[in-house]
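Have a look at the structure below before the remarks.
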Amino acid sequence: MTTTLLTNARLINPDSAEEAQGWLLIDQGRIAATGQDAPPKAESTVDCRGKCLAPGIVDIGVKVCEPGERHKESYRSAGRAAAAGGVTTMVTRPDTLPAIDNPETLEFVARRANEAAPVNVLPMAALTKGREGREMTEIGFLMDAGAVAFTDCDHVITSTKVFSRALTYARACGALVIAHPQEPGLSQGAAASSGKFASLRGLPAVTPMAERMGLDRDIALLEMTGARYHADQITTARALPALARAKRNGLDITAGTSIHHLTLNELDIADYRTFFKVKPPLRSEEDRQAVIEALRDGLIDIISSMHTPQDEESKRLPFEEAASGAVGLETLLPAALRLYHSGDLTLAELFRAMSLNPAKRLGLASGRLTEGAPADLVLFDPDAPFVLDRWKLNSKSKNTPFDGARMQGKVLATYVAGTPVFEAS
């Protein structure tokens, strides 16, 4: 493998929270050195023309619909979408048909992913069999087969006895449990966040307290079991004090949020466009601002796309009946750059949440621009304007809320282990 030198780059280092003009040397698929002085010799050279070079995005919570619903998304199409979006590692969800709840299914998924996707794919496994919340899966065997975390996704385990036993066993195995904090009774059937706006639109709604109540329960079980825990989406101001208290008390807890909850709010569903229907539903502007502040302060650790493909038949329904979810692999970075252009977050803070923190939580060496780290990189122009056309997305499903939106920030190239897997035409 040849050495490659990326010169004249604006290096975004989330580890040191620094930005600097410099160069980066790749050797044997890893970062050999970075610097701002005279660059070394290399067998090939790429002039980055002053554009931003950052660690590739590690996206936790990507749904790829294999097995069961390959018409919505395959590992091949998701891999292309990830590469075009600067995502170098997809951490995939087990909410497939059937659920990924045994080593055989997990091994099939891992094999398919490695054959078809040009980026790294790390599969998660279900925490309970069939994601039904009744009987926990064989966590140890699934870890041996390659599961990096365990989750029932948006199926909240209602039995505290089952959940506490699963957390206890996960702690014994050193496994990470990812949960969806929500009180399932209150949130059942909800299509919007409760308040005057949802009432005016005549939509079934859920109070933000449902998220707080779900998180409170999970924190109590964490105190009891000492497990490693990650909340997939914190979207309301009401949940933040409980999260802060849990971190202060030394619990092994981290939290994420989705790019859609960071950049959109409840008013976006005014026209009943089902592409804006996500789970949990979009929140108030006050909640959105509170979550951005929590992200800036480090209380919320991770930003993810929560990529959820849905076909046209699932979305072309009345808002209340339509399926929840939006694709996000290709729109994650340009949408996140809205927060940079608005002055809410720096580029280093964004990549801390999109690359460094998810890599740390999963025990990966990526997410950094440090010597010896994998050369998983994204080169992008944060200022390039464009209008998003959903039909040009690489995903099989086109359900994005950003269709027709004016956006700023384009991926120019994506590297996995030093090899370019995407280059803009």
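Table: residues versus (1) touching a helix residue (DSSP H, G or I) at 6+ places or on another chain (Cβ under 6 Å); (2) open to solvent by less than 30 Å² (accessible area, probe 1.4 Å).
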| residue | (1), (2) |
| --- | --- |
| THR105 | no, yes |
| ASN114 | no, no |
| ALA117 | yes, yes |
| ALA126 | no, yes |
| ASP152 | yes, yes |
| LYS161 | no, no |
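Under 6 Å between Cβ atoms, at least 6 apart or on separate chains: pull out the pairs that start in the range 226-241 with a residue that is touching a residue at least 12 places away in the same chain (Cβ under 8 Å) and end on any residue that is open to solvent by 40 Å² or more (accessible area, probe 1.4 Å) and in a loop (DSSP other than H, G, I, E, B).
Hits for this filter: ARG228/ASP252.
Those residues that are small (Gly, Ala, Ser) and not in a loop (DSSP other than H, G, I, E, B), I need them from the range 340-369; list them, please.
Hits for the range 340-369 are ALA348, ALA353, SER355, ALA359.
Provide a single number: the residues in the range 120-151 that are of a type in the set (D, E, K, R), in contact (Cβ under 8 Å) with a residue 24 or more places away in the chain and in a loop (DSSP other than H, G, I, E, B).
Result for the range 120-151: 3.
Could you please give the count of residues in the range 42-91 that are open to solvent by 20 Å² or more (accessible area, probe 1.4 Å), touching a residue at least 24 places away in the same chain (Cβ under 8 Å) and in a loop (DSSP other than H, G, I, E, B)?
10
Pairs under 7 Å by beta carbon, first residue within 14 Å of PHE380 (Cβ to Cβ) and of a type in the set (A, V, I, L, M, F, W, C) in the range 337-351, partner part of a helix (DSSP H, G or I) and open to solvent by less than 10 Å² (accessible area, probe 1.4 Å), six or more apart or different chains?
Note: pairs meeting the criteria are LEU350/ALA336; LEU350/LEU339.
With the structure loaded, tell me whether ALA290 is buried (at least 18 other Cβ atoms within 10 Å of the Cβ), among the small types (Gly, Ala, Ser), touching a residue at least 40 places away in the same chain (Cβ under 8 Å) and more than 20 Å from ARG93 (Cα to Cα) or whether it fails that test.
yes
Given the conditions (1) touching a strand residue (DSSP E or B) at 6+ places or on another chain (Cβ under 8 Å); (2) open to solvent by 10 Å² or more (accessible area, probe 1.4 Å); (3) of a type outside the set (A, V, I, L, M, F, W, C), and given that SER342 satisfies all but one, which numbered condition is not satisfied?
(1)
For the range 396-425, name all the residues that are more than 17 Å from ASN120 (Cβ to Cβ), open to solvent by 50 Å² or more (accessible area, probe 1.4 Å) and assigned to a strand (DSSP E or B).
The answer is ARG406, GLN408, LYS410, LEU412, GLU423.
Quick check on my filter: what residues within the range 1-28 are among the acidic types (Asp, Glu) and surrounded by 14 or more Cβ atoms within 10 Å (Cβ to Cβ)?
Selection gives ASP15, GLU19, ASP27.
The values are calculated or read from the model by the stated rules, or taken from the named source; none is laboratory data. Quick caveat: nothing in here was measured; it's all calculated off a predicted structure. Positions of Cβ are generated from backbone atoms using ideal geometry, with glycine treated the same way; all protein chains shown enter the neighbour counts. Accessible surface areas use protein heavy atoms only, side chains included; no ligands, DNA or RNA. Shrake-Rupley method; radii C 1.70, N 1.55, O 1.52, S 1.80 Å.
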